[in-house]
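**Student:** Take this structure, written in structure tokens, and hold onto it; I'll ask about it next.
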Amino acid sequence: MRPSTLIKRQNIIAVATKLFFEQGYPETSLDQIIEQCGGSKQTLYRYFGDKKGILVEVITQCTEEMEAVFQFESDCDIPLFEQLTQFAREYIKTLCAPEFINMYRVVVAESRHDKELAEFFLSRGPQHFRHILIDFLLSQVELGKLKLDDPKLASIQLLGLLKGDYFQEALVGIATPSEQEIKQYADQAVKCFLQGCSA
């Protein structure tokens, strides 16, 4: 794909993201997107197929930003507690960030009548992230740093512990906690998790 095409495509996604988040997916028309970014419906159809194709790209970009948080070093000198607390802090911040919250709201609203979209989000997002975490936890078991009977359950419990009330509060518009609050909560959550599965 030519650089100019990539730029046009990214501009369409950026404009659509803004409109989807501000006024809702059903209320956003292709004409509104074109009005702000230029081009034609033919261009949109060629790049994305239809409006749902644009939404799929919006979800893809948002989940890629979250995936960047799930970067672990399986065999390194960084202590496990330090790796997990750094991950935990970034996970909470990204989970409660306006862009991710807005994307989640759109997905929830649309998935009520679009099972395919729901499955796409789950496979690209929560399920994929959980598999990354499971692989990391298993690597730590193999290194003798953790003792886990059920790595899948442990990953679900850790992510649930990190969400706490912050995610629900962000969904209903309560301000994201401060950096210090996130740090304190994340560190304590990781301590509780590790106490339950120390080797």
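**Student:** For region 111-151, give me each residue that is closer than 24 Å to Ile59 by Cβ and charged (D, E, K, R).
**Tutor:** Once the filter is applied, which keeps residues that are closer than 24 Å to Ile59 by Cβ and charged (D, E, K, R), region 111-151 yields Arg112, Asp114, Lys115, Glu116, Glu119, Arg124, Arg130, Asp135.
**Student:** Is one or more of the residues making up region 116-132 touching a helix residue (DSSP H, G or I) at 6+ places or on another chain (Cβ under 7 Å), under 19 Å from Gln23 (Cβ atoms), free of Cβ contacts under 8 Å to residues at least 60 places away in the same chain and small (Gly, Ala, Ser)?
**Tutor:** no
**Student:** What residue, among those in region 112-142 that are within 18 Å of Gln86 (Cβ to Cβ) and of a type in the set (A, V, I, L, M, F, W, C), is surrounded by the most Cβ atoms within 10 Å (Cβ to Cβ)?
**Tutor:** Leu137
**Student:** Could you list all residues from region 85-96 that are β-branched (Val, Ile, Thr) and either in contact with a Leu (Cβ under 7 Å, 6 or more places away or on another chain) or crowded, with 19+ Cβ neighbours inside 10 Å (or both)?
**Tutor:** Scanning region 85-96 gives Thr85, Ile92.
**Student:** Return only the number of the condition from (1) over 30 Å from Ala189 (Cα atoms); (2) in contact (Cβ under 8 Å) with a residue 60 or more places away in the chain; (3) surrounded by 16 or more Cβ atoms within 10 Å (Cβ to Cβ); (4) assigned by TED's automatic domain parsing to the domain that holds Ile156 that Ala109 does not satisfy.
**Tutor:** Failed condition: (3).
**Student:** Okay, moving on. Could you check how many residues of region 137-161 are part of a helix (DSSP H, G or I) and farther than 19 Å from Ile78 by Cβ?
**Tutor:** 10
**Student:** Between Glu99, Glu82, Glu57, Glu73, which is within 27 Å of Asp114 (Cα to Cα) and either assigned by TED's automatic domain parsing to the domain that holds Gly164 or surrounded by fewer than 13 Cβ atoms within 10 Å (Cβ to Cβ) (or both)?
**Tutor:** Glu99
**Student:** Which residues, taken from region 145-199, are within 17 Å of Glu82 (Cβ to Cβ), hydroxyl-bearing (Ser, Thr, Tyr) and free of Cβ contacts under 8 Å to residues at least 24 places away in the same chain?
**Tutor:** Across region 145-199, there are no qualifying residues.
The values are calculated or read from the model by the stated rules, or taken from the named source; none is laboratory data. Keep in mind it's a predicted model, so treat the numbers as computed, not measured. Backbone-built Cβ (ideal geometry, glycine too); neighbour counts: all protein chains shown.
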